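The values are calculated or read from the model by the stated rules, or taken from the named source; none is laboratory data. Please read these numbers as outputs of a predicted model, since none were measured by experiment. Positions of Cβ are backbone-derived with ideal geometry, glycine not excepted, and every protein chain shown enters the neighbour counts.
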């Protein structure tokens, strides 16, 4: 049989435990109503790729394919072509005629970004990448040149 | 591989004449080339007279086409032994086997922990270990044709020997693998194999070793039934299957079955360049990716030599990340352990809340919460962003200690937890060592063996911390070890944050080094990851890709002890014993 001491101790413990619960009621929830509310990522977040342009509209990519060589999963494919001097696509001698990223394979490690000598390919903060079928998961150059449009907020570094 | 030195005074020439064939000098020291038939005798000598009580790593290497090798010594089995009493570096044994019918005696009579690793070497290399009680495939199934880690084995959708795979875009656009080689017609069964009539050859091994209180009582005569726990079972933390033989509610035999998540990580690693493997290591033990990065970086840096020694600041950043990872891992492990105990998700959410704050730190420094890909050879990839240190300082000095107190107050003294855990899953210190257990599982059996103290890597010799061990030898002790280790990690973090120097984050030589070509040789680098000893055994032939890339996964090898711990307990306890091993299937199955 439980003695009076046990009953008192048990009651105190239950009250203590309920106290924890009640305290949690008063705290602000940490959950975010995604996708209604944007989700906050940090500036260095590694999401969907983007090919950058210079301010004058020329593409940065010079088609050197270092990103392709650095890619651990073989997600990137670059095919370079000579620039037309009259109407250049990029400031260098060559530009990327084809630039594909296969998001079925990409693991968002960021090695392409590190390998790029002209800071052309960068990983943006965009992470939602749903598509209806596997074959549309290969993004071609035109798609990659567009800045991503997504429900994302960027939080300060800290 | 350097030339074998053939001098007259080979080790053990007096005790075991003819056992050691040569002594090989290597990057880290020396290794003994042993005659396969004398291997067991040499291992007995090492264990009984020289104190090498832990068989840490056992693996095979295929030297087909390696310079200086022929068909007579194509395969090599490598053993790394450590001493938990003395600490320090390994004793390395190598046994060379011919191309035809490679076989050598099993080490299970001396080190029972060789069990799973020998089965893996059999599975992936086709090397037979004579006398092994259950030499079946472990990661692959019986319908798999060939032994995939052999150098002459190619998969059905083979692309190229090394990356980048040009074959993927031969005509200027992407070619889908399934167009070239449609699903369903790329399966190649071994000769005489019929998937329709196949049934899994599981032999439930009777347990020879009864340790402690796990005795089966035979009061009531009941029929024994065999139950599959898993692969789709919430308690197995992934796709892991335990074949359990039950007598009433008591487990009488258990056989772990794994490989559902097998992707042949090591073969992929051989086709990658050294740097490309870094993001792959994130995905081994995905709860603690920073630790995996560190272990791999340390192994490759050993191979690369002094020029790639990380800078001071990088060393500190690595230690800070590794210790934060340990806290993340143990919080998660303790939380899910309480799930297994039946305290469904409430303690886990308390633990995960703190974990989330640390993952925020990881995301802001590396760009990803879990797949960090943060370390590089000779340093780390990025310096801390502004404000990171302040946040980390607050977390380490104020928030985490308070929250660990809170967790401890609610969890450790809990009467139900004690009732469920104390005395369950008994594993004596001797058994834990014999079964090659490492990490919290070994320290929960009262062996204070921590690689950070026994063989300090990076800069762990500069920090003041205690090696935690509890000698209850049960699930409760392992849980206590994890709780206390988090406190010790906080201690290390406090010191590291205080001492963190300014300076470059990558060694000068390592800057922009995308392709590293280490000198010829082999190396074993290991760290104390949160789950145990995580090691990488690398063989280089001087090229940009590793010749052999072997992961010594702690949670896979800790599973050696699963059956001995579970047998004799109730089936509900099997769940918490598995939970207390703390497995991650990404690492178990690789």
Wholly enclosed helices (runs of 4 or more DSSP H) of region B:343-416 bearing at least 1 residues within 11 Å of another protein chain (Cβ to nearest Cβ) and within 29 Å of residue A:112 (Cβ to Cβ): B:346-366, B:388-394
Give the number of residues within region B:283-304 that are farther than 20 Å from residue B:461 by Cα and more than 14 Å from chain A (Cβ to nearest Cβ). 6
Single condition residue B:173 does not satisfy, out of (1) within 26 Å of residue B:277 (Cβ to Cβ); (2) assigned to a loop (DSSP other than H, G, I, E, B); (3) free of Cβ contacts under 8 Å to residues at least 12 places away in the same chain; (4) within 14 Å of chain A (Cβ to nearest Cβ): (1)
Boolean, residue B:296 is assigned by TED's automatic domain parsing to the domain that holds residue B:382 and crowded, with 24+ Cβ neighbours inside 10 Å: yes
Answer with yes or no whether residue A:149 is surrounded by fewer than 19 Cβ atoms within 10 Å (Cβ to Cβ) and either more than 9 Å from every other protein chain (Cβ to nearest Cβ) or in contact with a helix residue (DSSP H, G or I) (Cβ under 7 Å, 6 or more places away or on another chain) (or both). yes
Taking region B:66-90, which residues are buried (at least 21 other Cβ atoms within 10 Å of the Cβ) and not in a loop (DSSP other than H, G, I, E, B)? B:75, B:76, B:77, B:78, B:79, B:80, B:81, B:82
Identity of the residue in region A:11-30, part of a loop (DSSP other than H, G, I, E, B) and away from chain B (no Cβ under 11 Å), that ends up modelled with the highest pLDDT: A:28
Would you confirm whether or not region A:34-51 contains a residue that is modelled with pLDDT under 85, farther than 28 Å from residue A:105 by Cα, part of a loop (DSSP other than H, G, I, E, B) and touching a strand residue (DSSP E or B) at 6+ places or on another chain (Cβ under 7 Å)? no
Which is part of a loop (DSSP other than H, G, I, E, B) and away from chain A (no Cβ under 14 Å), of B:183, B:141? B:141
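Conditions tested, residue by residue: (1) out of contact with any helix residue (DSSP H, G or I) (no Cβ under 9 Å at 6 or more places or on another chain); (2) more than 30 Å from residue B:404 (Cβ to Cβ); (3) outside the structural domain of residue B:456 (by TED's automatic domain parsing).
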| residue | (1), (2), (3) |
| --- | --- |
| B:253 | no, yes, yes |
| B:301 | no, yes, no |
| B:312 | yes, no, no |
| B:317 | no, no, no |
For region B:109-119, check the following and say yes or no: at least one residue is more than 30 Å from residue B:428 (Cβ to Cβ), more than 14 Å from chain A (Cβ to nearest Cβ) and either within 19 Å of the chain's Cα centre (by Cα) or in contact (Cβ under 8 Å) with a residue 60 or more places away in the chain (or both). no
Filter region B:263-282 down to the residues that are more than 10 Å from chain A (Cβ to nearest Cβ) and within 14 Å of the chain's Cα centre (by Cα), then identify the one that is nearest to residue B:451 (Cα to Cα). B:281
When you look at residue B:286, is it under 20 Å from residue B:482 (Cβ atoms), assigned by TED's automatic domain parsing to the domain that holds residue B:407 and surrounded by fewer than 20 Cβ atoms within 10 Å (Cβ to Cβ), yes or no? yes
If residue B:143 meets every condition in (1) in contact with a strand residue (DSSP E or B) (Cβ under 9 Å, 6 or more places away or on another chain); (2) not assigned by TED's automatic domain parsing to the domain that holds residue B:66 apart from one, which number is that one? (1)
Selection status of residue B:357, surrounded by fewer than 23 Cβ atoms within 10 Å (Cβ to Cβ) and in contact (Cβ under 8 Å) with a residue 24 or more places away in the chain: yes
Residues B:308, B:280, B:274, B:260: which one is free of Cβ contacts under 8 Å to residues at least 60 places away in the same chain, touching a helix residue (DSSP H, G or I) at 6+ places or on another chain (Cβ under 9 Å) and farther than 26 Å from residue B:486 by Cα? B:280
Subset of region B:498-511, residues buried (at least 16 other Cβ atoms within 10 Å of the Cβ) and either part of a helix (DSSP H, G or I) or out of contact with any helix residue (DSSP H, G or I) (no Cβ under 8 Å at 6 or more places or on another chain) (or both), comes to B:509, B:510
